[in-house]
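Participant: Structure incoming, see below.
Throughout, read-outs are computed from the coordinates displayed, never taken from laboratory work. Please read all numbers here as calculations on a predicted model, not as lab measurements. We place every Cβ from the backbone using ideal geometry, glycine too, and count neighbours over all the protein chains shown.
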Amino acid sequence: MSDSQTVKLIVVGPKKSGKSAICNFLSGYKEFSNEYRPTMGLRICECDREMQSMEKVSVELWDISGDRNFENCWPAIMKDMNGCIIVYNPSNINHVKELEFWYKTFVQKNVKDENCCIFAHCLSSDELTKENPIPK
């Protein structure tokens, strides 16, 4: 990568999983809200990061709506992606069941497995129960 390299990471997962909160955190956004506002299609957060192997990398976090009504946009969004972050709420059993769908749709044919990570995101550990632990 050169000094001015741009890395495109797409952030996907079910509705209300916390994708926007993760993007805000990773991009350094300081103000957080507990108010739910669904992403309409796509939102791009940009930030610069200094890496050990290079001076500076421009990171684009593509915050993709979990609403499947926007599914027809996904092929264009996946173009030139370098990695994928799948976000889900482990306390929501439907989110757990959807993990395979998000992996197959966005990762399996588009990036190497090592360029994908899965974030289990919930508001508090109180949401996790013995009946619904983080899957292995």
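Participant: List the GluC sites (Glu not before Pro) within the stretch 1-50 that DSSP assigns to loop and that have no more than 12 neighbouring Cβ atoms inside 10 Å.
Facilitator: Those that pass, being in a loop and sparsely packed, are GLU31, GLU35, GLU50.
Participant: Also: Enumerate the amide H contacts of VAL59 below 5 Å, restricted to partners 5 or more residues apart or on another chain; note that Pro and chain-start residues carry no placed amide H.
Facilitator: Residues meeting the criterion, in which the H sits 1.01 Å from N, are VAL7, CYS47, ASP48, ARG49.
Participant: Which of GLU55, GLU60 comes first, and how do the rest follow, when ranked by fewest Cβ neighbours within 10 Å?
Facilitator: With the fewest neighbours first, GLU55, GLU60 line up as GLU55, GLU60.
Participant: Further question: Based on the mean of other beta carbon atoms within 10 Å per residue, what is the order of 16-26, 102-112, most packed first?
Facilitator: Sorting 16-26, 102-112 by mean packing, highest first, produces 16-26, 102-112.
Participant: Further question: For a quick check: with amide H placed at 1.01 Å from N, whose amide H comes under 5 Å from LEU42's, ignoring anything fewer than 5 positions away on the same chain?
Facilitator: Here the answer is SER65, since their amide H atoms fall under 5 Å of that of LEU42.
Participant: Please list, in order along the stretch 43-53, the HN-Hα scalar couplings obtained from phi with the Karplus expression 6.51 cos²θ - 1.76 cosθ + 1.60 (θ = phi - 60°), rounded to whole Hz, x for Gly and Pro.
Facilitator: In residue order, the calculated couplings are 9, 10, 9, 10, 7, 10, 9, 8, 10, 5, 8 Hz.
Participant: Got a sec? How would HIS121, HIS95 order by Cβ neighbour count within 10 Å, fewest to most?
Facilitator: Going from sparsest to densest Cβ surroundings: HIS121, HIS95.
Participant: Rounded, prolate or oblate, given the Cα gyration tensor of the chain, with a/c below 1.5 counting as rounded?
Facilitator: It comes out prolate by the Cα gyration axes.
Participant: Just to be sure I understand: of the beta bridges DSSP finds with both ends in the stretch 6-127, what percent are antiparallel, rounded to 5?
Facilitator: 35
Participant: GLN108 versus GLU46, label points 7 Å from Cα toward the beta carbon: distance in nm?
Facilitator: It works out to 3.4 nm between the two label points.
Participant: Rounded to the nearest 500 deg cm²/dmol, what is the calculated helix-only ellipticity per residue at 222 nm for the chain, with -39500 (n - 2.57) per DSSP H run of length n ≥ 4?
Facilitator: -5500 deg cm²/dmol
Participant: Give, as ranges by residue number, the residues of the stretch 102-120 whose backbone N falls under 13 Å from the point 7 Å along Cα→Cβ of SER58.
Facilitator: The answer is none.
Participant: If you don't mind, there's one more thing I want to ask. Give LYS56/LYS104; LYS15/LYS56; LYS16/LYS56; LYS8/LYS104 a once-over and call out the pairs whose C-alpha atoms are over 25 Å from each other.
Facilitator: LYS56/LYS104; LYS15/LYS56; LYS16/LYS56
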